[in-house]
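Worksheet: the structure to be examined is printed underneath.
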Amino acid sequence: MSETKEFKAESKRLLEMMINSIYTHKEIFLRELISNASDAMDKLYFKSMSENTGITRSDMAIKLEVNKDDRKLIITDNGIGMTKDELENNLGTIAKSGSLAFKNENEKTEDVNIIGQFGVGFYSAFMVAKKVTVISKAYGADTAYMWESEGVDGYTISEAQKDDHGTQIILDIKDNAEEENYDEFLAPYKIKQLVKKYSDYIRYPIKMDVEHEKPKEGSENEYEKEIVTETLNSMTPIWKKSKSELTDEEYDQFYKDKFFDYDKPLAHIHTRTEGTATYTALLYIPSKAPYDYYSKSFEKGLQLYSSGVLIMDKCGDLLPDYFSFVRGLVDSEDLSLNISREMLQHDRQLKLIAKSLEKSIRNELKKLQKNDREKYEKFFDAFGTQLKYGIYESFGANKEDLQDLLMFRSSNGGYTTLEEYVSRMKEEQKYIYFASGSSIARIEALPQTEMVRDKGYEILYFTDHVDEFTVQMMHDYNGKEYKSVSADDLGLETEAEKEEIKKAEEDNKGLFDLMTEKLSGKVKAVKLSQRLKTHPVCITSEGMLSVEMEKVLSAMPDEQAHNAKAEKILEINSAHPIFEKLKKLYAEDNKDKIAEYADILYSQALLIEGMPIENPVDFTNKLCTIMSE
Ligand code: ADP
């Protein structure tokens, strides 16, 4: 008795994608099916540990068979198997809605990328098979069931005959098509190659009967055929091998297979540490941030093994947030196999390992920065923001560890480290200067940078939201304080120059007071500028919060952050003709005109900063009135 059922809509779509796939790496179907088999055996192994069934790891194996004449490839495991319900729920509905959701957003993305990035599990079998049959018997069950499907039309489930627990997957391999060679999936040499490539570290033997020729006994040049059962995978995890045995290509390939990343990693760290914490770690620094890296759904963590057995897929406690981009695994004999998540959090051993890993990662990054600047810049483009957050979020506590890994673009051209900046500082230069803006082009055009630039001082360009916040937490670099080009005291002028400005301000106190009054609620004061040379006006700020920080905070979802306002100062260039005009109006006691001018100047300064002006219509009307005078 068999029942025919339809696939759920989503599964149907995924299946369609698989069947018509133009993906060139169809061969990954074998990796997917072998991984499923291995998972099923892990499940049985864990079950047997808790229930004392007497089953051990050495009883378990994956068997591959090819039958060229029938065009069948068969994968058998003696894992936990599936009940009838499980067959239906696991194979009739696909859990990988994540990959489909992704496809929806990027309708144009080829299925190629999705398959490459996510793997698609069981359904990938349909890339190479015209029919898939699954015969499974759950551990402890009496009856076996058979699931059969030839694609989108649906599947049938019926009772079946099977002696042992576990699952057998029978693929009817497609016929060769014009440009597609499916025959190769029936060639034992190809299967061997695929197992080596994708499944070499599977911890259960993957066995296949292979035909060999051997010299006939008693004869020198006659051969006869014999069948030998070979184990195709080495089973030794790559991290257990010594560094000298491994090539960069092998390291990279392992990374790509294990973490489903298309791109080669930028660097890897392979260490074995003995002492207070004994562990082997194989870590990678990716070359690109995953698409969800800066989102809530991203989960940091390393795989955690206890003597070669995976105990946790993403152990977050092994990585500080600022190194959350690191991928890889840790294998330690010090951890017990059935340690629970809660216990792990308090595990002393784990803390020691985490600490030592943090140091290794830091050193590796320093090495990269020193020896391969191009690669490091690529790294920094992808993950630099995370390092800056690391300093900011710790209120500067991580400063000593991280500041030398930071880089900023600067007026010197390209990226600079802080150490390099300081080494280029002029003898009389007191501060490390920085300017903030939404782009480098915008920053370079800022009036506030004029005087600093004129002195020949280098300026760090802050284009990242977190930059100013980070620098505020760092305070100084080896005693050299950071200074915004918009700060009230730039440390540029001589005492005599300061006196001069002070005097000019006193002479025009009435004018400035009047302007401040007219701009009340908008600026804290109107002053003469010490940083402008040719531009008429600019906005600067006093106190902890800069105009740039206000901008960042007001863009945050948190309503309260919107109340944070910089104490703005409107600066006027005493060398600009507009100042003479203002003085003249004041002498004429033309208060209305001064109010109008103050308003226009303030709006202009806001525009230069990239801030919105309150009333654009009023602003343009005023300008036009003046233009028509
Ligand atoms: P995934 O393995 O990522 O969960 P798959 O589509 O590959 O997705 O498989 C779906 C589910 O089917 C698995 O989670 C597992 O429960 C079940 N399954 C697949 N293959 C086997 C197998 N060989 N033995 C037991 N269960 C299996």
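The values are calculated or read from the model by the stated rules, or taken from the named source; none is laboratory data. Quick caveat: nothing in here was measured; it's all calculated off a predicted structure. Cβ atoms come from the backbone with ideal geometry, glycine included; neighbour counts cover every protein chain shown. These accessible areas exclude ligands, DNA and RNA; they are computed on the full protein's heavy atoms, side chains included. Shrake-Rupley method; radii C 1.70, N 1.55, O 1.52, S 1.80 Å.
Under unit Cβ charges (Lys, Arg +1; Asp, Glu -1), what dipole magnitude, rounded to 20 debye, does the chain have relative to its Cα centre? Could you put the intermediate results ahead of the total?
On the way: 85 positive and 116 negative charges, 169 e Å.
Computed charge dipole of the chain: roughly 800 debye.
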Separation between the Glu299 and Asn20 pseudo-spin-labels, each 7 Å from Cα along Cα→Cβ, expressed in nm? 3.4
Relative to the longest principal axis of the C-alpha atoms of the chain, give the angle of the C-alpha long axis of helix 591-609, reported between 0 and 90° and rounded to the nearest 10°. 30
Roughly how many Å is it from the Cα centre of the range 1-43 to that of the range 185-226, as a whole number? 27
Along Cα→Cβ, 7 Å out, is where each label goes; now give me the distance between the ones at Glu596 and Lys264 in nm to one decimal. 6.7
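Taking the Cβ-Cβ separation of Asp488 and Arg373 as r and a Förster radius of 56 Å, what is the calculated FRET efficiency to the nearest 0.05?
On the way: r = 36 Å, r/R0 = 0.65.
Once rounded, the FRET efficiency stands at 0.95.
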For Lys225, counting only lysines whose alpha-carbon sits under 30 Å away and dropping same-chain residues fewer than eight positions off, the answer is Lys63, Lys68, Lys72, Lys174, Lys190, Lys192, Lys196, Lys197, Lys207, Lys214, Lys216
For the range 235-293 and the range 479-537, write down the distance between their C-alpha centroids in whole Å. 56
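How much accessible area per residue does the chain have, in Å², with a 1.4 Å probe? All intermediate terms of the calculation are to be shown ahead of the outcome.
Values: 31550 Å² over 629 residues.
It amounts to 50 Å² per residue over the chain.
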Using a 7 Å offset from the Cα along the Cα-to-Cβ direction at both Thr625 and Asp252, what is the distance between the two label points in nm, to one decimal? 6.8
Could you look at the chain and say what percent of its accessible area is carbon and sulfur, using a 1.4 Å probe and all protein chains? 47
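Based on the Cβ-Cβ distance of Glu274 and Asp454, what FRET efficiency does E = 1/(1 + (r/R0)^6) give at R0 = 56 Å, to the nearest 0.05? Walk me through the numbers before you get to the answer.
Details: r = 58 Å, r/R0 = 1.04.
The calculated FRET efficiency here is 0.45.
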Which entries of Lys314/Lys359; Lys47/Lys137; Lys314/Lys378; Lys351/Lys378 show an alpha-carbon separation above 22 angstrom in the structure shown? Lys314/Lys378; Lys351/Lys378
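Take every DSSP beta bridge with both residues inside the range 439-577 and express the antiparallel ones as a percent of the total, to the nearest 5. Don't skip to the end; give the middle numbers.
Values: 8 of 12 bridges.
Around 65 percent antiparallel, to the nearest 5.
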Unit charges at the beta carbon, dipole of the range 426-560: most positive-side option, Met556, Ala445, Ala525: Ala445
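Assuming R0 = 51 Å, can you tell me the calculated FRET efficiency for the pair Asp404 and Ala525, based on Cβ-Cβ distance, to the nearest 0.05? Mind showing how you got there, number by number?
Working: r = 39 Å, r/R0 = 0.76.
Rounded to the nearest 0.05, the efficiency is 0.85.
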With Cα atoms, 0 to 90° folded angle of helix 373-393 axis to the chain main axis: 70
Extend 7 Å from the Cα of His212 along its Cα-to-C-beta direction; within the range 233-274, residues with backbone N under 20 Å of that point are 233-235
Ordering 263-269, 277-283, 239-245 by per-residue average of other C-beta atoms within 10 angstrom, highest first, gives 277-283, 263-269, 239-245
Where in the range 76-93 does the label zone of Lys47 land, with the point 7 angstrom along Cα→C-beta and an amide N cut-off under 11 Å? 79-83
